[in-house]
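Okay, structure first, notes after.
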Amino acid sequence: MKSRKKKIITMIIIGIVVCCGGIYFLLIKYFFYNKYNLHAQRAVLDRLSNRYDQEFELLSTKFRTKEVEAGGAKYVHMWTFLLQDSRGKQFYAYVRLYGLVEKGDGNFYSPDYSSYIDDTYGQLCIEERIGDQFDLYQYRQEKGSKPDDPEWEDYIFICTENNTDEIVELLTEIYLREMEFSNGGCLKCLINNEEGETLFPYFGWNITRELQEQDKEITEQTVYAYILHELKNRYYAAGQIFE
């Protein structure tokens, strides 16, 4: 009788251990912010697939948490994924989430993992296409180096009275080539004046929307004219006038 009771107790203990282990495994995979979280992996792969209309291979994952002061949050949790496309071109993608605790933070709600996703694939693709024509690398921003920055730009350009035409030509070329590899646009650029004030934020999808709302055909000429008009308006608003 005692032997039977011991077996039952042992089986119960084993069952509890197995259940606890299973629950912990599910928490690691689907709740806790860590490098093994499947929601973060799926979110970044889905976003990349939609943005570039192709599938990517995940090579490795890194995860870190940093203390910040942003909008009431105390920590930023960031996944860094190394991926490659079908041609073997490697790049990084990032998922960021904010929280109140350093360890043990988590979320079961998968759409939340899509709140901030970014990547370097767009930089590589645009430089591959127009890198010989424009020296983009000197303007490239290193994404991932400052996880607590609220926004990450791909490029920051400085616009003056003397190089406006060159900046507009560059942005027009970026727009036209970007649409070759991205669905609707992926690059984020700032065009600042010499004092560091932003004159014009470049987002390809905004240009597309504005031209469509104006019932204009999207051509090199209409894109160039739109960007030039926006830059001049921003200069006037800042009290700087140029021809």
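In the chain, the longest principal axis of the Cα atoms and the axis of helix 220-237 are about 90 degrees apart.
Under a GNM of the chain (C-alpha, springs under 10 Å), which listed residue has the highest mean-square fluctuation: Ser182, Ser86, Ser114? So, out of Ser182, Ser86, Ser114, the one fluctuating most is Ser86. When the alpha carbon gyration tensor of the stretch 132-243 is reduced to an equivalent ellipsoid, the three semi-axes, largest first, read 21, 19, 14 Å. Across the stretch 110-155, Cα-Cα pairs more than 13 Å apart make up 61 percent of the total. Measuring against 31 Å, Cα to Cα, the residue pairs Lys143/Lys216; Lys29/Lys146; Lys89/Lys232; Lys74/Lys143; Lys35/Lys74; Lys62/Lys188 contain Lys143/Lys216; Lys89/Lys232 as the ones spanning a longer distance. Pair-distance distribution P(r) for the chain, from all Cα-Cα distances in 10 Å bins starting at 0: 7, 25, 27, 20, 11, 5, 3, 2, 1, 0 percent. Among the chymotrypsin sites (Phe, Trp or Tyr not before Pro) in the stretch 62-149, those placed in a DSSP loop whose Cβ has at most 13 other Cβ atoms within 10 Å are Phe108, Tyr109. Using a probe radius of 1.4 angstrom, the carbon and sulfur fraction of the accessible surface of the stretch 94-189 is 44%. Protein heavy-atom accessible surface, 1.4 Å probe, per residue over the stretch 177-216: 50 Å². The residues of the stretch 16-170 expose on average 55 square angstrom of accessible surface per residue, using a 1.4 Å probe on protein heavy atoms.
Would you tally the net charge around Leu100, using a Cβ to Cβ cut-off of less than 13 Å, leaving Leu100 out, and scoring K and R as +1, D and E as -1? Don't skip to the answer; put the middle values down first.
On the way: positive: Lys74, Lys103; negative: Glu67, Glu69, Glu102, Asp105.
For residues surrounding Leu100, the net value is -2.
When Rg and Dmax are taken over the Cα atoms of the stretch 75-165, they come to 16.7, 54 Å. In this label model, Glu180 and Glu128 are separated by 1.1 nm, measuring between points 7 Å along each Cα→Cβ vector. Normalising the average separation of contacting C-alpha pairs (under 8 angstrom, six or more residues apart) by the number of residues puts the relative contact order of the stretch 36-147 at 23 percent.
The values are calculated or read from the model by the stated rules, or taken from the named source; none is laboratory data. This one's a predicted model, so the numbers in the text were calculated from it and none came from an experiment. Please note: Cβ atoms are built from the backbone with ideal geometry, for glycine as well, and neighbour counts cover all protein chains shown. Remember, those area values only see protein heavy atoms, side chains included, never the ligands or the DNA or RNA. Shrake-Rupley method; radii C 1.70, N 1.55, O 1.52, S 1.80 Å.
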